[in-house]
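Each remark here refers to the structure printed beneath this line.
Derivation of every value follows stated rules applied to the coordinates shown; laboratory data play no part. Owing to the predicted nature of the structure, the values given are computational and were not obtained by experimental measurement. Every residue, glycine as well, gets a Cβ built from its backbone with ideal geometry; the counts of neighbours run over all protein chains shown.
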Amino acid sequence: MDSLYLLIPIALLFCAIAVKLLLWAINSGQYDDLDKEAWRILADDEPAQPAPPETGRSPQQEGKEP
Amino acid sequence: MSPSTEAPEKNEAELCYHCGEQVPAGVKLAIDIGGEARPMCCPGCRAVAGLISSSGLGNFYQQRTAFNERPQQQDSTTLEQYLIYNDPELAASFTTIDEDGLHNASLLLAGITCAACTWLIEQSMSRLPGVERALVNLQQSRLDIRFDPARLPLSEIFVRVENLGYRPRPFQTSTARLQMAEEYRTELRRLAVAGLGMMQVGMFAIALHAGDIQGIEAGYQGLLRWVSLLVASFIVFYSARPFFSTAWRHLKVGTLVMDLPVALAIGLAWLASTWATVSGSGQVYFDSVVMFTFFLLLGRFLEHRVRQRHTLTWFDAESTLPGAVTTKCDALWVTVPRIQLQGGETVLVKAGATVPVDAQIVAGSSAVKEDTFNGEHLPRAVTTGDTIYAGTVNVEAALQAKVLGSYRESRLAALQHSVELAQTKKPQLAKLADRIASWFVAGILLVTTLTAVVWSQLAPEQALWITLSVLVISCPCALALATPAALTSAASALRAHGVIVRGENALDSLSRATHLLFDKTGTLTEGSLAIADVRPLGDVGTQDILAIGAALQHYSSHPIARAFAGITGTTGFKDVNYRVGAGLEAHQNGGTYRMGSAQFCRQLAPDLPTAPDKLLYWVALCREGSPLAWIGLNDHTRGEAGDVITSAQQAGLQVELLSGDSSAQGPLLARSLGISTVNHGLTPQQKMAHVQQLQTKGAVVAMVGDGLNDAPVLSLADASFAVTGATDLARTQADFVIVGGDLHAVIDTWRKARQCRRIIGQNFTWALGYNICAIPLAAMGFIPPWAAAIGMSLSSLLVVANSLRLNR
């Protein structure tokens with residue numbers, strides 16, 4: 001159980017790092033817009049390009065090819 | 001669940017795919033998006049939707065959760081006006097320059113209706129050459145864009161945003177805005193620190209509690225207590241600081257606030273625990289301290305976030321005026337920013353443009369649509385010497401006018417001022433939580449003191465923790481959350497149904513409404529003229545009359561012309577010209593035709609009889625020597641109006657009609673809809689007096705109106721609705737804005753408000769009931785502080801969960 005004397009300070013250190021990171025994120029404005037970020041994760045990063053109907057291959061076909 | 005809702009798919013056949021408004025009969029503007037033909041209501045929507053789809057961003061329509069706003073018709077002048085922002089001096093007010101030469105501009109965008117809009121704007125802006133980064137802040141409707149001015153002029157960015165159907169203008173940072181953003185971050189920092197700290201202290205607390213039960217070596221107990229002290233102290237001094245400062249600030253002026261028992265509980269518990277840790281005896285309550293702090297901060301943070309959102313969508317009439325104006329400078333016409341205009345300068349107001357300042361006409365004659373001020377849809381004819389007002393729309397022909405003064409001196413500014421004034425006159429219904437707060441706090445302090453005194457006589461060593469338990473368990477946390485949680489939840493539910501909630505407290509007033517007042521024009525009616533009656537006077541049939549009328553009106557931008565928009569006109573008309581204030585004249589096969597006022601047509605056909613009656617707006621049509629017809633125009637009643645009024649009456653609301661129109665149409669319309677109380681021909685002042693009179697009699701008044709001309713009376717009403725065609729959001733000042741113009745939303749909102757009131761009642765009952773049951777138990781020493789803290793948190797969570805039921 002003596003390991004507690006080492007492990008607890010390490011846990012506190014990690015906690016301090018987490019707080020530091022979180023404060024950095026808040027200060028750099030990453031939490032300024034909570035409404036959008038909640039939604040953004042669901043949106044596609046790259047919008048689907050309209051594939052040319054004759055020559056284009058559909059994304060599914062591309063996926064199956066080796 | 002996917003983020004898309006059914007809303008965009010509903011009634012696809014008749015609603016515009018882009019803005020959700022009804023497609024007028026006869027309009028065929030469908031466009032292919034995602035492999036299907038989508039109906040469009042106007043060329044504006046079609047242009048925007050076409051651009052979105054052709055840039056491969058058609059996915060937007062699946063992702064969005066609300067319809068877009070209907071874009072304004074664009075012409076070269078709207079795009080030209082943005083050229084002024086290429087002037088570095090003007091741009092400097094909202095642009096900063098990096099060390100590597102890139103510019104950062106902030107634009108405020110009107111028309112963002114849901115999160116998908118931000119995606120659309122970001123995606124399409126970041127594809128422009130020269131744009132390095134584009135970020136949209138949804139909460140503030142702000143676009144931050146980083147671009148290379150050498151490759152992309154600023155005006156091009158404005159134009160691109162406008163093309164997507166949003167209306168950009170420079171984002172002016174004010175001190176208040178900066179301060180609010182900083183406060184928001186500070187609160188978030190406090191909350192984050194408290195949350196992470198709570199996890200740590202909670203972990204040690206579990207070990208300590210287990211130790212109490214199983215037995216623990218004094219050395220380990222000491223260690224756990226010391227690290228808990230370290231973390232908890234940080235939280236108390238950093239995160240919980242606002243409680244102490246608020247309590248102290250109010251105590252100095254002699255008022256009791258909710259923060260006082262909070263600060264006492266946190267402070268006492270922390271002091272006692274620190275003493276126990278240092279002396280190695282007694283109990284520690286660090287877990288209770290941090291849990292308590294975290295939950296209080298969380299509740300407060302959520303409440304502030306909602307409040308902040310409303311301050312940012314602040315009504316601003318000035319923002320609806322054009323940013324750039326054309327003015328005469330040494331016999332040359334130049335474009336300058338509107339704010340630089342001086343009294344005495346001559347401005348050019350093109351046809352279709354919004355008048356930028358109050359001005360006196362020096363050349364030209366035209367008609368101006370003044371619905372901003374009087375709600376009328378028919379324009380007023382103006383000529384040299386007449387005054388035109390900022391915010392009105394020049395309908396017919398270009399005008400040159402002498403500027404009378406700055407925006408501050410304008411009639412529009414006076415109207416805005418009267419709106420603000422009316423708001424302060426509104427009877428304030430004190431919030432329940434505020435009303436009971438000081439009594440509640442005094443009660444808590446009394447009970448706590450009594451407990452402390454009694455227990456220090458009975459068992460001095462128990463007195464401290466029992467007192468702490470009472471303080472913690474009586475914490476008004478759930479009580480403080482009861483109202484804001486329910487209001488926020490109801491507001492977001494309404495938003496999903498096309499009602500934007502501007503003033504949440506109005507939900508409370510609305511739920512108690514006794515009177516429901518309707519404005520006529522634009523509210524119960526569509527707000528645009530339609531053909532109601534055709535009385536042929538010669539041998540020409542109705543069909544032909546309408547076809548001739550449509551052919552003539554095709555050349556006019558007068559509101560009457562819209563009534564003929566869906567009719568195919570007769571071909572062959574030449575030399576169509578418009579006589580301001582009179583009507584239209586055209587030639588076909590050598591014959592002259594005229595359409596317009598009786599006087600204007602009698603010059604051509606002297607035996608034209610007088611108009612049939614006064615109930616409709618009559619337009620005459622004649623051929624040289626022979627009158628052809630009287631065409632009666634009317635403002636269509638909204639289809640759902642009758643339904644809505646009936647269900648309001650069934651729900652026990654007194655329905656009244658307040659109309660500014662003095663004609664007989666008001667009472668007639670009221671009778672057909674089943675409204676018995678009608679007040680027509682009222683000036684805005686009389687409307688306000690009527691509402692105030694009802695309010696002094698004890699009525700709670702909900703009022704439904706449209707647009708800016710109703711704004712003063714709307715802001716006086718206890719709860720107000722504005723029905724808007726979605727283009728004029730910035731001009732609408734009401735607690736609830738119904739986007740898309742379906743009156744059913746009035747009743748839906750009322751029901752939601754009633755439900756919200758019930759939920760708030762339940763929340764209060766629970767929070768108070770819990771306190772009343774738990775305080776005696778705590779005072780008798782049955783509840784240890786850690787259980788008190790858990791009970792307090794569970795009670796708050798229950799309140800939040802109950803409020804979330806409104807979201808469905």
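Within segment B:470-511, name every residue whose backbone N is under 19 Å away from a label modeled 7 Å from Cα of residue B:808 along the Cβ vector. Under cut-off, by backbone N: B:485-497. With K and R counted +1 and D and E -1, the other residues having a Cβ less than 11 Å from that of residue B:670 yield a net charge of +1. A simple spin-label model places pseudo-atoms 7 Å from Cα toward Cβ; at residue B:780 and residue B:304 they are separated by 4.1 nm.
Using the Cβ-Cβ distance between residue B:346 and residue B:597 with R0 = 30 Å, the FRET efficiency computed as 1/(1 + (r/R0)^6) comes to roughly 0.45. For the protein assembly as shown, the fraction of alpha-carbon pairs lying more than 42 Å apart is 46 percent, rounded to a whole number.
Put +1 on the Cβ of every Lys and Arg and -1 on every Asp and Glu Cβ in the protein assembly as shown; which of B:578, B:507, B:589 then has its Cα farthest towards the positive end of the dipole? Positive-end residue among those listed: B:507. About the Cα centre, and with charges only on the beta carbon of Lys, Arg (+1) and Asp, Glu (-1), how big is the dipole of segment B:87-218? Nearest 20 debye, please. It works out to roughly 420 debye. Dipole magnitude for segment B:325-386: about 160 debye, using +1 per Lys or Arg Cβ and -1 per Asp or Glu Cβ, origin at the Cα centre.
Subtracting the Cα-Cα distance from 0.36 nm times the residue separation, let me have the gained length for residue B:54 to residue B:331 in nm, one decimal.
Full-extension gain reported as 95.3 nm.
How high is the FRET efficiency between residue B:686 and residue B:663 when r is their beta carbon distance and R₀ equals 25 Å, given to the nearest 0.05? The formula returns an efficiency of 0.95 here.
Would you please state which residues of segment B:654-670 a label at residue B:418 would reach in this model, taking the label point 7 Å out along Cα→Cβ and a backbone N cut-off of under 19 Å? Zone members listed by number: B:658-662.
Taking label positions 7 Å along the Cα-Cβ direction at both residue B:213 and residue B:233, the computed distance is 3.1 nm, reported to one decimal. A dipole drawn for chain B from +1 and -1 charges on Cβ atoms has a positive end, and of B:191, B:799, B:88 the residue lying farthest that way is B:799. For residue B:655, the residues 5 or more places off, or on other chains, whose built amide H falls under 5 Å of its own are B:516. Simple rule: put +1 on each Lys or Arg Cβ and -1 on each Asp or Glu Cβ in chain B, find the dipole, and look at B:16, B:482, B:682; the Cα lying farthest toward the positive end is B:482. Taking the three principal axes of the alpha carbon atoms in chain B, the coordinate ranges are 114, 68, 55 Å, sorted in descending order. Within the shell defined by Cβ-Cβ distances under 12 Å, the residues around residue B:193 carry a net charge of +3, with Lys and Arg each +1 and Asp and Glu each -1.
According to the Cα-based calculation, Rg over Rh for segment B:177-334 is 1.31, with Rh computed by the Kirkwood formula.
Its alpha carbons considered, segment B:151-251 gives a radius of gyration followed by a Dmax of 24.8, 74 Å. Over chain B, calculate the relative contact order: mean separation of alpha carbon pairs under 8 Å at least 6 apart, over the residue count, as a percent. Over chain B, the number comes to 12 percent. With 31 Å as the limit on Cα-Cα distance, the pairs of B:520/B:752; B:369/B:752; B:520/B:574; B:28/B:369 that go past it are B:369/B:752; B:520/B:574.
Taking the DSSP beta bridges with both ends in chain B, the antiparallel portion is around 80 percent.
When +1 charges are put on Lys and Arg Cβ atoms and -1 charges on Asp and Glu Cβ atoms, the dipole computed for segment B:527-598 relative to its Cα centre reaches about 180 debye. For residue B:790 and residue B:676, a Förster radius of 60 Å and the Cβ-Cβ distance give a FRET efficiency of 0.55, rounded to the nearest 0.05.
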